[in-house]
Amino acid sequence: MAGSTGPSLGERPHHVVVVGAGFAGLSLAQGLGGTPLRITLVDRRNYHLFQPLLYQVATAVLSQGEIAEPIRRILRRHKNVSVLLGEVDGIDTGRQEISIDGERLAYDTLVLATGATHSYFGHPEWERFAPGLKTLDDARRIRAKVLMAFELAELEEDPAERERLLTFTVIGGGPTGVEMAGAIAGLAKQALARDFRNIDPTKARILLVEAAPRILGPFPEDLATYAVRALERLGVTILTDRPVENIDERGIVVGGEFVPTATVVWAAGVTASPAGKWLDVGTDKAGRVEVGPDLSVPGLENVYVLGDLALARDENGKPLPGLAQVAHQQGDYLAKALQARILRGETPKPFRFRSRGNLAVIGRNEAVVHWDTVKLKGFSAWLVWGIAHVYLLVGFQNRLLVSLRWLWSYITHQFGSRIIDEDLSRRHSHEARTEVFIDAAHGEELRDRARS
Ligand SMILES: Cc1cc2nc3c(=O)[nH]c(=O)nc-3n(C[C@H](O)[C@H](O)[C@H](O)COP(=O)(O)OP(=O)(O)OC[C@H]3O[C@@H](n4cnc5c(N)ncnc54)[C@H](O)[C@@H]3O)c2cc1C
């Protein structure tokens, strides 16, 4: 539990520094808007990103501006909240200061909500060939890679290489992997179906690889089985119980077998940002900082950790999942708890997570929803998923644009954002050509490695 309540409000307002304007940090800053506290929200980006719809940017359904909103605009009416653009690179808890790009900023209360990033399970070299999906840059890069694979296949004369270019692999069968695989299938089999002359995009092979015995681990088995059938109907091949053993520029090795594939997307693992190191406290294997029932860091004065960065537990001691709804509720909770503690000198009640259910979309008209005893699948689940995501988007403009885009895609079967950025197009084209040169011999070597 955080001990003291910080300096009195007499001379200068108590300064709360929040690092990270994701779901947790933003809801906290909004909750503290209009209070007598002085709030500084620091983020290395000038926008809040709605990560649950990133895969739609990566698969050309939405464009990047539709899922991001400038932080200043969201908070402009709260005069007690300042926004600083900068990257935090260290913390001195003794002096109560953080370092932002080398500059020092003093705090009375510090809240860290810097989220998580990809983890390649000890294989950082795979990142080059299998980008993960966490930022807008990642989404743009994946979109370019996916669209370029079709463009290069159209030009390719060697049937084996064409097949490799038209094989798309998603590693990780959680909700993000399922959404990504379903969306690539939608792109290939509907949106691009009639746009090429030398290739048939509907023949593209989409693989979803999962190390566990089944996909959608957090969902009940019957919903996961439903998702498998729906994905298979879309043309996705699901490989379960097979951890990926290698990834390189030619393809992947899974279950001892080399699979040539030009596009691999990583949706398998995350690790928390390095705040544990900055605070000099222990973390779990995923880099998360263990917090107490009020989300404070035990042993540190007035330091709190929220969202994906926190290892918070429910009433039964079970770790809470890394979900937007957890982060959001923690931000809301801490806004009230800090006011109680700092302004009224009260001890707040512990944080309690109220699950709003698990949702995963599979494709057009297909989703699964699990909430307590309620299980939905198919069109009704898809409708709930769509309404929930539009409702949760920040900014009226984004809600309107996303709703219109989805309506347009639904009616026309077209994806509205199939632009390949010029620099990425040149890069992928060059990489693909040089890799083609790298060869058959390298493929052979990988196959040999897999066999031995
Ligand atoms: C592709 C994808 C799909 C998802 N789908 C769902 C879903 O459908 N439902 C769901 O509930 N959850 C989903 N999630 C999980 C959800 O997005 C996260 O749980 C949630 O974003 C965590 O919120 P957060 O505030 O902890 O971190 P984040 O939202 O990641 O925000 C962290 C913020 O900190 C900033 N930051 C990081 N490091 C620094 C630094 N050193 N200095 C300054 N700023 C920094 C970042 O720029 C960012 O703005 C998804 C995640 C991904 C990646």
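The values are calculated or read from the model by the stated rules, or taken from the named source; none is laboratory data. Note that this is a predicted model, so its numbers are computed, not measured. Each accessible area value is taken on the protein alone, full model and side chains, heavy atoms only, with ligands, DNA and RNA left out. Shrake-Rupley method; radii C 1.70, N 1.55, O 1.52, S 1.80 Å.
Using only the alpha carbons of the chain, what is the convex hull's orientation-averaged projected area in square nanometres? With every direction weighted equally, the projected area is 22.5 nm². Expressed as a whole percent, the accessible area of segment 112-160 that falls on carbon and sulfur atoms is 50 (1.4 Å probe). Taking 10 °C and 1.306 mPa s as conditions, segment 1-151 diffuses translationally at an estimated 91 µm²/s according to Stokes-Einstein applied to its Kirkwood radius (Cα pairs). 3J(HN,Hα) along segment 65-81: x, 7, 10, 10, 9, x, 4, 4, 5, 4, 9, 4, 7, 8, 5, 8, 10 Hz, from the Karplus curve 6.51 cos²θ - 1.76 cosθ + 1.60 with θ = phi - 60°, whole Hz, x for Gly and Pro. Across the protein chains, with a 1.4 Å probe defining accessible surface, the residues 63, 296 rank 63, 296 from largest area downward. Helix 396-412 and the long axis of the chain differ in direction by around 20°, with both axes built from C-alpha atoms.
Backbone geometry of segment 42-51 corresponds, through the Karplus equation with coefficients 6.51, -1.76 and 1.60 at θ = phi - 60°, to 3J(HN,Hα) couplings of 10, 9, 7, 10, 8, 9, 8, 10, 8, 4 Hz, x marking Gly and Pro. Here are some pairs, 285/377; 203/318; 189/375; 349/377; which of them have Cα atoms lying more than 32 Å apart in this structure? Listed pairs above 32 Å: 285/377; 203/318; 349/377.
Taking the C-alpha atoms only, the angle from helix 422-451 to the longest principal axis of the chain is near 70 degrees.
Here segment 262-340 has 53 percent of its accessible surface on carbon and sulfur atoms, given a 1.4 Å probe and all protein chains in place. Surface listing: 15, 118 arranged by accessible area from highest to lowest gives 118, 15, probe 1.4 Å.
Excluding ligands, DNA and RNA, the accessible surface per residue across the chain is 46 Å² with a 1.4 Å probe.
Measuring only protein heavy atoms, the 1.4 Å probe finds residue 375 accessible over about 100 Å². Heavy-atom accessible area with a 1.4 Å probe sorts 206, 387, largest first, into 387, 206. Scanning residues 5 or more positions from residue 366 or on other chains, none has an amide H under 5 Å from its amide H, with H placed 1.01 Å from N in the peptide plane. Would you mind checking the tilt of helix 324-338 against the longest principal axis of the Cα atoms of the chain, expressed as 0 to 90 degrees and rounded to 10? Around 10 degrees separate the two axes. Averaging the sequence gap over all C-alpha pairs within less than 8 Å and six or more residues apart, then dividing by the number of residues, gives segment 254-377 a relative contact order of 14 percent.
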